[in-house]
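**Q** Dumping the structure here so I can ask a few things about it.
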């Protein structure tokens, strides 16, 4: 492939000169593959942790699939004050990750990401208690298909999505505040509105994050260690978009036990 003059200024402030597009494309593909591989491993860890904890928490099932009761572990993590620790532990991990992101090596960041994915699985195990396994599986594949399509749009579109970033972040902040308020109000109408809005916000963030990660590789002059670390941070961003989209969709489409 011939060299290509890229004479525009990137969103990250560096104008690219003449580059070997074959080498850039190969590097970009490898970088994005690392992101998706890390994300897939994280989702796998989350799923296994959620399944394992739910199996230990459920005492048994009736012939029609209803839960007969919870074990001592289930009562502890879902009904006792310990449930707040389980719910908020992923948030604590995210804050720790944010504070340590610059000082950590790529391997340490990857280890922390996978540990976070396991903690998230424990937190999400209640989904397998509340919703039927068939509906959880169905919504997972719906989420995967939507995520794949949106990420592909973000990767391939020639239109800059940077303008929607601030709008989406503002929407996300509003969504978090509304969710915290609804913990105390327990309003079904507000919960439905949060879920619908959440699907739209995380759909937009999926496309925006994908394009942002692509452009950061193309225009930031990353050394191998920085690229490896960015691939972990990128996997975390896309992982969170997937997980949150799944949680919103299961609330809307899931069948309760």
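Just so it is clear, none of the values below were taken in a lab; they were calculated from the coordinates. Since the model is a prediction, treat every value here as computed from it, not as a measurement. Methodologically, a virtual Cβ is constructed for each residue, glycine included, from the backbone with ideal geometry; neighbour enumeration extends over all protein chains shown.
**Q** List the pair-distance distribution P(r) of the chain, using every Cα-Cα distance, as the percent of pairs falling in each 10 Å bin from 0 up to the bin containing the longest distance, rounded to whole percents.
**A** The percentages, shortest bin first, are 7, 26, 34, 20, 9, 3, 1.
**Q** State, to one decimal in nm², a quarter of the convex hull surface area for the C-alpha atoms of region 27-81, i.e. the direction-averaged projected area.
**A** Mean projected area of the Cα convex hull: 5.6 nm².
**Q** Which order, highest average first, do 62-71, 189-198 follow once you tally other Cβ atoms within 10 Å for each residue and take the mean per peptide?
**A** Packing order, densest peptide first, comes out as 189-198, 62-71.
**Q** Rounded to the nearest 500, what is the chain's calculated 222 nm mean residue ellipticity when only DSSP H runs of at least 4 contribute -39500 (n - 2.57) each, over all residues?
**A** Result for the chain: -27000 deg cm²/dmol, rounded to the nearest 500.
**Q** While we're on this one: Just order 248-255, 237-244 by mean Cβ neighbour count inside 10 Å, highest at the front, would you?
**A** 237-244, 248-255
**Q** Something else about it: If you take the square roots of the eigenvalues of the alpha-carbon gyration tensor of region 17-146 and sort them as a ≥ b ≥ c, do you get rounded (a/c under 1.5), prolate (a/b over b/c) or oblate?
**A** Since a/c reaches 1.5 but b/c is at least a/b, the shape of region 17-146 is classed as oblate.
**Q** Return a whole-number percent for the relative contact order of the chain, with Cα pairs under 8 Å and 6 or more residues apart as the contact set.
**A** 28
**Q** With a cut-off of 8 Å between alpha carbons and a minimum separation of six or more residues, what is the relative contact order of region 120-230 in percent?
**A** Computed over region 120-230, the figure is 36 percent.
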